[in-house]
Amino acid sequence: MGEFDNKEREEVFSKKVRAGKRTYFFDVKATRSGDYYLTLTESKKRLEDGVFVKHKIFLYKEDFEKFAEGLNETVEYIKNHQEVVEKRYEYSDSHEVVARVQNDDFSF
């Protein structure tokens, strides 16, 4: 079994976030020894062939604090240097995505 072959890993918790053309998955899984880790997956449908392309990051609990610090610092930089326009997405019955733009502040 390869290092990244996690088909046998127990899924403990999952959160799906739809954001327009992308879907993000936050999955908590358990190692064989029972330690939790996080996988962050971005999924986007390729227009030319309809295939879903996925990018995955594995984040282990010993890295949570440093990762969160880096993410928060980066988000704060963007918020302080550019206006952040949050898009709210609505899904129609035909599965088309309609974006509504709001000038809301957001935080983590």
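The values are calculated or read from the model by the stated rules, or taken from the named source; none is laboratory data. Please read all numbers here as calculations on a predicted model, not as lab measurements. When we count neighbours, we look across all protein chains shown, and the Cβ atoms used for this are built from the backbone with ideal geometry, even at glycine. Calculation scope for accessible area: heavy atoms of the full protein, side chains included, ligands and nucleic acids excluded. Shrake-Rupley method; radii C 1.70, N 1.55, O 1.52, S 1.80 Å.
Tell me which of these residue 66 doesn't satisfy, since it passes every other one: (1) at pLDDT 95 or above; (2) open to solvent by less than 70 Å² (accessible area, probe 1.4 Å). Checking residue 66 against (1) at pLDDT 95 or above; (2) open to solvent by less than 70 Å² (accessible area, probe 1.4 Å), the one that fails is (2).
Checked against the criterion of being at pLDDT 90 or above, part of a helix (DSSP H, G or I), within 16 Å of the chain's Cα centre (by Cα) and surrounded by 10 or more Cβ atoms within 10 Å (Cβ to Cβ), the candidates 71, 40, 59 yield just one match: 71. If you go through segment 46-56 and keep only what is exposed (fewer than 13 other Cβ atoms within 10 Å of the Cβ) and assigned to a strand (DSSP E or B), you end up with 52, 53, 54, 55. For residue 14, the conditions (1) surrounded by 11 or more Cβ atoms within 10 Å (Cβ to Cβ); (2) at pLDDT below 95 are fulfilled apart from (2).
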